Amino acid sequence: MDDKTITLMLRSLAGDGEAAAQPDVVDALRHIPVAQRALLAAVALAAADRPVNSVTVARSAGYSRGTAYRNNKPILDLVVEHAGQLADGLLQRTRDHRSILELSTRIKERDEALTRWRDRAKQAERDRDIAIGYARDLHQQLIPEYNAIVSEKDRKVRHLRSTAPPDETEVSPL
């Protein structure tokens with residue numbers, strides 16, 4: 001987009017006699033490439049604290065989302081992803097409150113952290129279940145061996161029985 005194109009667009013928006021009078025901003029932007037219209041619309045949406053996604057950007061910029069995405073998908077995805085940061089960076093010095101972009105970024109980071117923690121918890125549960133299963137299987141395998149050791153000790157060990165205490169008369173004095 002060159003200076004002449006920008007001048008023509010601004011004059012048409014202002015209703016200047018040199019350019020054809022166009023009542024709609026979208027009509028004034030029609031001669032600008034789709035990627036630049038998308039960037040302009042996305043930055044405006046982000047600056048207004050409106051949601052920035054492919055649908056709202058396409059509606060705001062006045063282009064058909066299907067056709068535009070078929071031909072310009074990589075650049076349009078980048079515009080939607082980063083236009084909020086661009087608008088926030090441009091408005092950072094004049095803004096005295098938190099923007100929707102900042103809040104949504106923090107929510108997205110929190111959601112990603114929660115997802116990571118949930119995944120770790122599920123993995124820890126799986127690891128614990130494997131360890132418990134291993135211990136249970138080992139216990140089942142060792143029961144016969146343990147029982148054999150106990151029965152062998154029972155055969156080797158002579159069990160003593162108690163007898164009646166001897167009479168005191170039978171005890172010889174030493």
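The values are calculated or read from the model by the stated rules, or taken from the named source; none is laboratory data. Please read these numbers as outputs of a predicted model, since none were measured by experiment. As a convention, Cβ positions derive from the backbone with ideal geometry for all residues, glycine included, and neighbour counts pool all protein chains shown. Accessible surface areas use protein heavy atoms only, side chains included; no ligands, DNA or RNA. Shrake-Rupley method; radii C 1.70, N 1.55, O 1.52, S 1.80 Å.
Do we find that residue 134 is open to solvent by 100 Å² or more (accessible area, probe 1.4 Å) and under 43 Å from the mean Cα position of the chain (by Cα) in this structure? For residue 134, the condition - open to solvent by 100 Å² or more (accessible area, probe 1.4 Å) and under 43 Å from the mean Cα position of the chain (by Cα) - is met. With respect to residue 147, is the statement that it is farther than 30 Å from residue 32 by Cα and at pLDDT 80 or above true? Yes; evaluated as a whole, the condition is true for this residue.
Taking the stated definitions as given, is residue 84 within 24 Å of the chain's Cα centre (by Cα) and surrounded by 15 or more Cβ atoms within 10 Å (Cβ to Cβ)? Spelling it out, residue 84 is indeed within 24 Å of the chain's Cα centre (by Cα) and surrounded by 15 or more Cβ atoms within 10 Å (Cβ to Cβ).
Is it true that residue 128 is assigned to a helix (DSSP H, G or I) and either farther than 30 Å from residue 47 by Cβ or open to solvent by less than 80 Å² (accessible area, probe 1.4 Å) (or both)? Against the criterion (assigned to a helix (DSSP H, G or I) and either farther than 30 Å from residue 47 by Cβ or open to solvent by less than 80 Å² (accessible area, probe 1.4 Å) (or both)), residue 128 qualifies. Among residues of the range 40-68 being open to solvent by less than 40 Å² (accessible area, probe 1.4 Å) and over 19 Å from residue 104 (Cβ atoms), the one that is modelled with the highest pLDDT is 58.
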